[in-house]
Amino acid sequence: MTHIRNFSIIAHIDHGKSTLADRMLEVTGTIEKRKMREQTLDVMELERERGITIKLAPVRMMYRPDRGELDRRHTQTKTQNHADKEFLYEDLTYKIRGAVFAVRKELGLGHKEQAYHNALEIEMRSLGLSFESRKNVSVYYDGTQVGTYQPDFIVEDKVLIELKALPEIGKPQMEQLWSYLKGSTYKLALLVNFGSKDVEVKRVVYDTARNNSASSASSQRESAGVADQVEEYILNLIDTPGHIDFSYEVSRALTAVEGALLLVDATQGIQAQTLTTLGMAKDLGLAIIPVLSKVDSPNAQIESTKEEIIKLLGCELEDILETSGKTGQGVPELLSAITRRVPEPRGSKEDLRSLVFDFEYSNHRGVIVYSRIFDGEVKKGDKLMFAASRKKFTALEVGTLAPEGKPKESLSAGEVGYIVTGIKEPGVASVGDTIKGEKTNAAPLPGYKEPSPVVWASIYPESQDDFSVLSQSLSRLHLSDSSLSYEEEASGMLGRGYRCGFLGMLHLEIVTERLRREFDLDLIVTAPSITYEITYRNGKEETVYTPTKFPDHGGALKVREPWVLVTVITPPDYVNSVLQLLYEHEAEIGDSETFGDGRTLIKLSMPLRELMRNFFDKVKSISSGFASISYEIEGSREADVVRLDILVADEIVPAFSRVVSHRRVEEEAKAVVEKLHSILPKQLFTTKIQAKALGRVISSKTLSALRKDVTGHLYGGDVTRKKKLLEKQKKGKKRLGERGKVDIPQDVFMKMVKTEG
């Protein structure tokens, strides 16, 4: 476990997290450069379309410290070709490497070879290494000495060292050094170059057995840079979303790691969601590494942003790393910092305890759990059990993700990987459960706090024939999105469906879109709502999740609704506009704070109902996109709200019902009627659209009927012929209006969900 580091990247949305992850994958050789694409870890089509991360994504990277530029030049394949070989004089070359990099650190780059020669002499003496400098080495041909060669150093009479200060080490230098080895009695030489962007160490081996006389050469063997000498680290990254609606994904990822990179955009500074995710990481006691992104941008405000981070974390200036996901600047230094500053995982080798932090479902292999091994070891074929459900299963396969699954013989304490369970029953596996051995009594791990939905909406299939498909789809989707909750319900108009709970409006939009794309479903989605605690006049108390069950006007003695604590960070030019918007959304303004660059942080409380009323979009709009927002549930307070029903052709449409503020009921009613009137297709009869609340119709509008030209085929003749046909058409439309029903298309429901309240 000493060479395992588990970490996540936490950031506000659009701070360059996915791009930085791409560069880390590229630098470590996890994915070959020719196979790289933008947002590599964002595998869902929706993620790539919207440019946001929706799902957490684990990936395993292999990293060797101090590789510098070599990390970018050598692919994973070249590294792996040498990863499992037993290295000649491994302990000795490791000490030499330490001396080389100590010289690089203290002396820097750009000097002449003689300066590095003198410095390396001093450093090797301090390490207790015995060596000879500039000693002549005999060169043989067919057992006869034909010349001499003078390396810079011979260490312990085993390893030759050749120093260079060139822009880069080329093939001629490598072949020349190998030729000297071939003709001498030595087997190993290190070619050390201080002239590149970073120190380069090449290991050249002549591995044919010799007596005192040289034999014929077999072939030149060269390692991938310093990779042969440096201990390899396993870096397990769990990438996380940045939007507040997916904070549960972030919390699950942070529980499975020991460290977090706090990524701050140098062009935007600290944002509201940065504070929220940082709070999660601190509560879990994670090691925090502050990282600036986009430092290559001409708009980067590096110094002022660093001051904000120092004030926020209380760290030192040198603790903050500068990176660019676009150019790769600072990424090798960041990887090196992770190995030093993120603590190694702790755990025992005793009974297996593994935390389930995510799922995947396969039609052939069943549930595949993504898990962090805290204690013990799991191997293919082990008999295992879920601690919560007590379900037993056999591990059909175990492996790591890089980012595709790579089977392994076993996973041990500290590692992150996957376990194929073969289970195809719903409800058996759950996020936060502990996997342990079938016959062990190990105590389960603490797990996760259950997510609390803040937004509710009903989802119905457009055709009731698809209800079973919807049921299976929600069950399948829940495996990959454990924050989604759902329960069956029925409506007289819409039939059978599900009442679903979401963590926010974006979460609602993403889930419904995934149901349509991934499961080919046509859906009807009701207007989103929140929960209300109702106290009736007879003393009965009830929690209402849907507007259709909200009591009629006068039916409730008291209503309570959830409130949220909101943090808004905005540039100074937009403070007045934001304050005016807060008043319109019934907010209570609390403390405020000004950052060094003039941006203002405002803390406030407001009803969750008002937050849902396009508050995010309005704040972004009036601040030209510069303001940021985060929120958390505060508690419940008394509410002055009423139910607003929408009637189409004198029939209530449950999907359009909503609970609104008493003071805004007329404004809301007019807006909804206008919206529906503009998007509802015309029917064969005149259709009345009404909004009803407080026991009366507040707003009404009539949608004219489609009119067929029944007289178009007539030509000439008396006008009474036309009048007769028109009168007949009028009577037919009247009869149709009395018993006709309006067919509301699916896209109308979706447009109403996105109503601009």
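State whether the residues of the stretch 593-610 include one that is without any contact (Cβ under 8 Å) to a residue 24 or more places away in the chain and under 21 Å from ILE270 (Cα atoms).
Filtering the stretch 593-610 for residues without any contact (Cβ under 8 Å) to a residue 24 or more places away in the chain gives 593-594.
Among the residues that remain, those that are also under 21 Å from ILE270 (Cα atoms) are: 593-594.
Yes; the residues of the stretch 593-610 include at least one that is without any contact (Cβ under 8 Å) to a residue 24 or more places away in the chain and under 21 Å from ILE270 (Cα atoms).
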- Message: Let me spell it out: the conditions are (1) touching a Leu at 6+ places or on another chain (Cβ under 8 Å); (2) touching a residue at least 24 places away in the same chain (Cβ under 8 Å); (3) open to solvent by less than 80 Å² (accessible area, probe 1.4 Å), and LYS158 meets all of them except one. Which number is the exception?
- Response: (3)
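Residue under question is ARG609, and the condition is that it be in a loop (DSSP other than H, G, I, E, B) and surrounded by 12 or more Cβ atoms within 10 Å (Cβ to Cβ); does it hold? Can you show your working first?
Numbers: in a loop (DSSP other than H, G, I, E, B): no; surrounded by 12 or more Cβ atoms within 10 Å (Cβ to Cβ): yes.
Against the criterion (in a loop (DSSP other than H, G, I, E, B) and surrounded by 12 or more Cβ atoms within 10 Å (Cβ to Cβ)), ARG609 does not qualify.
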- Message: Taking the criterion of being at pLDDT 85 or above, under 27 Å from LYS692 (Cβ atoms) and open to solvent by 20 Å² or more (accessible area, probe 1.4 Å), would at least one residue in the stretch 511-531 satisfy it?
- Response: yes
- Within the stretch 295-311, is even one residue closer than 19 Å to THR240 by Cα and either among the small types (Gly, Ala, Ser) or touching a strand residue (DSSP E or B) at 6+ places or on another chain (Cβ under 7 Å) (or both)? no
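Answer with yes or no whether THR440 is farther than 30 Å from MET612 by Cβ and assigned to a strand (DSSP E or B). It would help to see each step written out before you state the result.
Details: farther than 30 Å from MET612 by Cβ: yes; assigned to a strand (DSSP E or B): no.
No, not satisfied.
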- Is there a residue being of a type outside the set (Asp, Glu) and without any contact (Cβ under 8 Å) to a residue 24 or more places away in the chain anywhere in the stretch 519-531? no
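Filter the stretch 612-625 down to residues that are in a helix (DSSP H, G or I) and under 16 Å from VAL564 (Cβ atoms) and give me whichever is nearest to the chain's Cα centre (by Cα).
PHE616
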- Query: Which residues, counting only those in the stretch 112-139, are assigned to a strand (DSSP E or B), under 20 Å from ASN193 (Cα atoms) and either touching a Ser or Thr at 6+ places or on another chain (Cβ under 8 Å) or open to solvent by less than 70 Å² (accessible area, probe 1.4 Å) (or both)?
  - Reply: PHE131, SER133
- List the number of the failed condition for PHE550; all other conditions in (1) touching a Leu at 6+ places or on another chain (Cβ under 8 Å); (2) buried (at least 20 other Cβ atoms within 10 Å of the Cβ); (3) within 30 Å of GLN464 (Cα to Cα) hold. (1)
- Query: What pairs come up if the first residue lies in the stretch 347-360 and is in contact (Cβ under 8 Å) with a residue 12 or more places away in the chain and over 12 Å from VAL431 (Cβ atoms), the second is of a type in the set (Ser, Thr, Tyr) and surrounded by 24 or more Cβ atoms within 10 Å (Cβ to Cβ), and their beta carbons are under 6 Å apart, counting only those six or more places apart or on different chains?
  - Reply: SER354/SER371
- Given the conditions (1) within 27 Å of GLY108 (Cα to Cα); (2) in a strand (DSSP E or B); (3) β-branched (Val, Ile, Thr), which single one is not true for VAL146? (1)
- Could you look through the stretch 679-693, keep only residues that are at pLDDT 90 or above and out of contact with any Ser or Thr (no Cβ under 6 Å at 6 or more places or on another chain), and pick out the one that is farthest from LYS730 (Cα to Cα)? ALA693
- Item | Subset of the stretch 402-437 (residues that are under 30 Å from VAL27 (Cα atoms) and either assigned to a strand (DSSP E or B) or aromatic (Phe, Trp, Tyr) (or both)) | GLY405, LYS406, PRO407, LYS408, SER410, LEU411, SER412, VAL416, GLY417, TYR418, ILE419, VAL420
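Among the residues of the stretch 459-468, is any closer than 30 Å to MET606 by Cβ and aromatic (Phe, Trp, Tyr)?
no
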- Message: For a quick check of your reading of the model, give me the residue pairs whose first member lies in the stretch 413-428 and is free of Cβ contacts under 8 Å to residues at least 60 places away in the same chain and at positive phi, whose second is of a type outside the set (D, E, K, R) and open to solvent by less than 10 Å² (accessible area, probe 1.4 Å), with beta-carbon atoms closer than 6 Å and at least 6 apart or on different chains.
- Response: GLY422/GLY366
- Message: Where the second residue is of a type in the set (Gly, Ala, Ser) and part of a loop (DSSP other than H, G, I, E, B) and the first is more than 20 Å from ALA115 (Cβ to Cβ) and lies in the stretch 131-154, which pairs have Cβ atoms under 7 Å and are six or more apart or on separate chains?
- Response: VAL137/SER184; SER138/SER184; VAL139/SER184; TYR140/SER213; TYR140/ALA214; GLY143/SER213; TYR149/SER184
- Query: Among the candidates SER473, SER458, which residue alone is assigned to a strand (DSSP E or B) and within 30 Å of LEU608 (Cβ to Cβ)?
  - Reply: SER458
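Scan the stretch 525-578 for residues that are of a type in the set (Lys, Arg) and farther than 17 Å from VAL641 by Cα and jot them down. Break it down stepwise before answering.
Step one: filter the stretch 525-578 for residues of a type in the set (Lys, Arg), giving 537, 540, 549, 558, 560.
Selection gives LYS540 alone.
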- Task: Kindly check whether there is at least one residue in the stretch 140-148 that is aliphatic (A, V, I, L, M), loosely packed, with under 13 Cβ neighbours inside 10 Å and more than 21 Å from TYR94 (Cα to Cα).
- Result: yes
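Mind checking which residues of the stretch 241-264 are at pLDDT 80 or above and either assigned to a loop (DSSP other than H, G, I, E, B) or touching a Cys at 6+ places or on another chain (Cβ under 8 Å) (or both)? Don't jump to the end; show me each part of the working.
Filtering the stretch 241-264 for residues at pLDDT 80 or above gives 250-264.
Of everything in the stretch 241-264, those that are at pLDDT 80 or above and either assigned to a loop (DSSP other than H, G, I, E, B) or touching a Cys at 6+ places or on another chain (Cβ under 8 Å) (or both) turn out to be ALA256, VAL257, GLU258.
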- Task: For the stretch 534-547, state whether one or more residues are outside any strand (DSSP E or B), in contact with a strand residue (DSSP E or B) (Cβ under 6 Å, 6 or more places away or on another chain) and open to solvent by less than 70 Å² (accessible area, probe 1.4 Å).
- Result: yes
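Being acidic (Asp, Glu) and closer than 9 Å to GLY325 by Cβ is the filter here; which residues of the stretch 2-28 pass it?
If we filter the stretch 2-28 for residues that are acidic (Asp, Glu), which is where we start, we get 14, 22, 26.
Listed by number, the list holds a single entry, ASP22.
Inspect the stretch 457-477 for any residue being under 30 Å from ALA627 (Cβ atoms) and either in contact (Cβ under 8 Å) with a residue 40 or more places away in the chain or β-branched (Val, Ile, Thr) (or both) and give the result as yes or no.
Here is the first cut: in the stretch 457-477, the residues under 30 Å from ALA627 (Cβ atoms) are 457.
The next check asks that each one be either in contact (Cβ under 8 Å) with a residue 40 or more places away in the chain or β-branched (Val, Ile, Thr) (or both); those that pass are 457.
Checking the stretch 457-477: at least one residue is under 30 Å from ALA627 (Cβ atoms) and either in contact (Cβ under 8 Å) with a residue 40 or more places away in the chain or β-branched (Val, Ile, Thr) (or both).
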- Message: Quick check on the stretch 307-316. Is at least one of its residues touching a helix residue (DSSP H, G or I) at 6+ places or on another chain (Cβ under 9 Å) and part of a loop (DSSP other than H, G, I, E, B)?
- Response: yes
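To keep it simple, each residue is scored yes or no on (1) in contact with a Leu (Cβ under 8 Å, 6 or more places away or on another chain); (2) open to solvent by 10 Å² or more (accessible area, probe 1.4 Å).
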residue: GLY376; (1), (2): yes, no
residue: LEU396; (1), (2): no, yes
residue: LYS436; (1), (2): yes, yes
residue: GLY447; (1), (2): yes, yes
- Task: Could you list all residues from the stretch 640-670 that are closer than 19 Å to GLN683 by Cα, open to solvent by 30 Å² or more (accessible area, probe 1.4 Å), in a loop (DSSP other than H, G, I, E, B) and of a type outside the set (Gly, Ala, Ser)?
- Result: ASP650
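The values are calculated or read from the model by the stated rules, or taken from the named source; none is laboratory data. This structure is a prediction, so every number in the text was calculated from the model and none was measured. FYI the Cβ positions are ideal-geometry reconstructions off the backbone, even for glycines, and counts take in every protein chain you see. With ligands, DNA and RNA removed, areas are computed over all heavy atoms of the protein, side chains included. Shrake-Rupley method; radii C 1.70, N 1.55, O 1.52, S 1.80 Å.
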